[in-house]
1. Among the candidates ASP562, ASP589, which residue alone is exposed (fewer than 15 other Cβ atoms within 10 Å of the Cβ) and touching a residue at least 12 places away in the same chain (Cβ under 8 Å)?
2. Could you check the stretch 224-251 and list, in sequence order, the residues that are touching a residue at least 12 places away in the same chain (Cβ under 8 Å), out of contact with any Pro (no Cβ under 9 Å at 6 or more places or on another chain) and either part of a loop (DSSP other than H, G, I, E, B) or open to solvent by 10 Å² or more (accessible area, probe 1.4 Å) (or both)?
3. If you check ARG286 against the conditions, is it in contact (Cβ under 8 Å) with a residue 24 or more places away in the chain, in a helix (DSSP H, G or I) and open to solvent by 30 Å² or more (accessible area, probe 1.4 Å)?
4. So which of LEU183, LEU137, LEU207 ends up being open to solvent by less than 50 Å² (accessible area, probe 1.4 Å), within 22 Å of SER492 (Cα to Cα) and either assigned to a loop (DSSP other than H, G, I, E, B) or hydrophobic (A, V, I, L, M, F, W, C) (or both)?
5. Would a scan of the stretch 333-345 turn up a residue that is surrounded by 24 or more Cβ atoms within 10 Å (Cβ to Cβ), farther than 30 Å from PRO303 by Cβ and modelled with pLDDT under 95?
6. What number goes with the only condition from (1) part of a strand (DSSP E or B); (2) among the aliphatic types (A, V, I, L, M); (3) surrounded by fewer than 23 Cβ atoms within 10 Å (Cβ to Cβ) that ALA178 does not pass?
7. Could you grab the pairs with beta carbons closer than 6 Å, sequence gap of 6+ or different chains, first residue in the stretch 173-192 and within 16 Å of PHE502 (Cβ to Cβ), second one surrounded by 24 or more Cβ atoms within 10 Å (Cβ to Cβ) and of a type in the set (Lys, Arg)?
8. For GLU94, only one of the following conditions fails: (1) surrounded by 17 or more Cβ atoms within 10 Å (Cβ to Cβ); (2) outside any loop (DSSP other than H, G, I, E, B); (3) modelled with pLDDT under 90. What is its number?
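The values are calculated or read from the model by the stated rules, or taken from the named source; none is laboratory data. Note that this is a predicted model, so its numbers are computed, not measured. Ideal geometry is used to build each Cβ from the backbone, glycine not excepted, and the neighbour counts take in all protein chains shown. With ligands, DNA and RNA removed, areas are computed over all heavy atoms of the protein, side chains included. Shrake-Rupley method; radii C 1.70, N 1.55, O 1.52, S 1.80 Å.
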Amino acid sequence: MIPEERPDGPGAGEESARLQEAGGVRKGSDPLAQSPRGRPQSRRARVRQQITKELRMRTGAENLYRATSNAWVRETVALELSYVNSSLQLLKEELDELSGGRVEADRPDGEGITVPMIPLGLKETKELDWSTPLKELISGHFGEDSASYEAEIRELEDLRQAARTPSQSEAGLGPLMAYYNQLCFLDARFVAPPGNLGLHFHWYDSLTGVPAQQRALAFEKASVLFNIGALHTQIGARQDRSCPEGTQRAIEAFQRAAGAFSLLRENFSRAPSPDMSPASLSMLERLMTAQAQECIFEGLLLPSPEAPQGCLAQLRLAQEAAQVAAEYRQVHQTMTQPPVRDYVPFPWTTLAHVKAEYFRALAHYHAALALCDSPRAEADFPARQQAFRGPPATPEPEPWGAGLPREPEERRKLGKAHLKRSILGQEEALRLHAVGRALRRVDLLQAVLAQALRRSLAKYSELDREDDFLETAEAPDIQPKTQQKPEIRAPSFSRVKVTDIFQRLGPLSVFSARNCWRLVGPVHVTRGEAGFGLTLRGDAPVLIAAVIPGGPAAAAGLHEGDYIVSLNGQPCKWWRHAEVVAQLRGVGDEGVSLQVVTLLPRADPPSTQGHHRPALGALLRSQKECGWGAPTPARAGPRPFLGWSHKARGRLSPQP
């Protein structure tokens, strides 16, 4: 699981965001502001500051308007409120253009005409110096020469730099996932609750551009995971959905994006930026699920020689379209609720509304085709009825009495009624499209809406007759239903294999900031008549499970619970049980020189700064139950959220 964020104090995230907002975006003071990707972030931050100022002015004016009874003052304040609201609208539209609200930014590859999707922009971050805090920990806590780990630190910094600017393709996921997996190793080795690494992690909000900072490594991990989800949205939006392969890739990408946002929402709390708040993540999860459902519907529309095109096929398309419309209605409702509505890009809200109307109109269009273009088949009537009414338990009456009309003329009139609702819905979608300033520039969306309207009008003219004097009855709603519900899938972290960069420090089961120890030795142990007088257990590092009183090991000062880390000058933190036993058995009368680590259950060395450590008994039980590590680290990525799992190896060696 992602460890819960550890802020430095109450309100630390909000305070850091205010500090960054006040001084962290000035050109000349922030290297990121000078880069091509950083300049839009600085502009977004300044626009957001102006919006905050205008909101405060509006709140003050509203309070004055409510408090005063003077007519002249109320008139003056009302005029001021109109100016403020106009300024706010202009600032929000400017922010939409600078933020991820540019729905036209990621057009699908290929020639197929499809409705644009909503991609999410990646979070930006500042440079980070890992060297100082890691070197202090390596020398102070681990007792190693920190200068010898400069190559590992450079490797970590290069990995982070690659994750900052990933390509907008499948290849870009590699650096992000590799860095995220490496952060899991770092968290396990270097972070001891309730401490931190002494670093400030700076990230810009993807929706508002406001910078925020925290000292918790969990904030860095969550921001990288957010970018993994955002990159999946960009990959999905760029797919050519006019072919089955592209449609499937888009579905997979949006499902992975929804999974990333779901993991964040479930495991990360008290985020200092709006884009990672629970409300925002819930909205993003619903949005990606709706876009995946839309891709599923588009896949059903693709021409297939084997697919039937009769009444049942059209009814299925009608219900699938109604399902997409229902998903987007939920997304639109979520976007218009506080606090999401205060920072979600306005084009997103408009596009969700447009799609809800568009797909509801498509549902009525396919229902009309099912009624009018399909031959009469008695066996189809139950399926037709189910599409136009709720489940059997629904108490609502059937729209046409005992069932659907069976006569061709009645079906024609009912199909005409559905086409009328389709035309009205498509006209409403075009009107909403024209309202949004940003959406007006998305020619692809307008082309799709206009094409659908022309198709419905042509079909309506085909069904219309001069002798239709009576007003057509109101067509009922289409029951939403899908045969393929999108799955929320977590990103595939296991596809990117990584090795712990700092594995030379030793196995994580012992050599981490969560444990404290004392290095003993080297001590010289000679072989007695009954051997060395000790029993070994486990792998990497090998544990001294028992020491015979009065034996050579006890006389040399070795104790039960010590870990052997050096044998005759050779580091053996990663050696297996059999290797250590073989070396000890090969020792002659001259004896062996050992270095061991003694875990400290209570007393902490000064370098630990008073962090609580687990008791020795618990560590011994853990070592007994689990076999940790390997002679050389296996190239396998960690579980996404530090869900370490190792098989038990309860071996005991006889005395060598």
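1. Values: ASP562 fails: exposed (fewer than 15 other Cβ atoms within 10 Å of the Cβ).
Residue meeting the stated conditions: ASP589.
2. Initially, the stretch 224-251 is screened for residues touching a residue at least 12 places away in the same chain (Cβ under 8 Å), giving 224-244, 246-251.
Next, only the ones that are out of contact with any Pro (no Cβ under 9 Å at 6 or more places or on another chain) stay: 224, 226, 243-244, 247-249.
Listed by number, the residues that qualify are CYS243, PRO244, GLN248, ARG249.
3. Numbers: in contact (Cβ under 8 Å) with a residue 24 or more places away in the chain: yes; in a helix (DSSP H, G or I): yes; open to solvent by 30 Å² or more (accessible area, probe 1.4 Å): yes.
Judged against the criteria, ARG286 is a match.
4. Numbers: LEU137 fails: within 22 Å of SER492 (Cα to Cα); LEU207 fails: within 22 Å of SER492 (Cα to Cα).
Of LEU183, LEU137, LEU207, the one residue that is open to solvent by less than 50 Å² (accessible area, probe 1.4 Å), within 22 Å of SER492 (Cα to Cα) and either assigned to a loop (DSSP other than H, G, I, E, B) or hydrophobic (A, V, I, L, M, F, W, C) (or both) is LEU183.
5. Narrowing the stretch 333-345 to residues surrounded by 24 or more Cβ atoms within 10 Å (Cβ to Cβ): 344-345.
Then drop every residue that is not farther than 30 Å from PRO303 by Cβ, which leaves 344-345.
Subset that is modelled with pLDDT under 95: 344-345.
The answer is yes; a qualifying residue exists.
6. Here ALA178 meets the rest and fails (1).
7. Hits for this filter: LEU183/LYS221.
8. Only one criterion is unmet by GLU94, namely (1).
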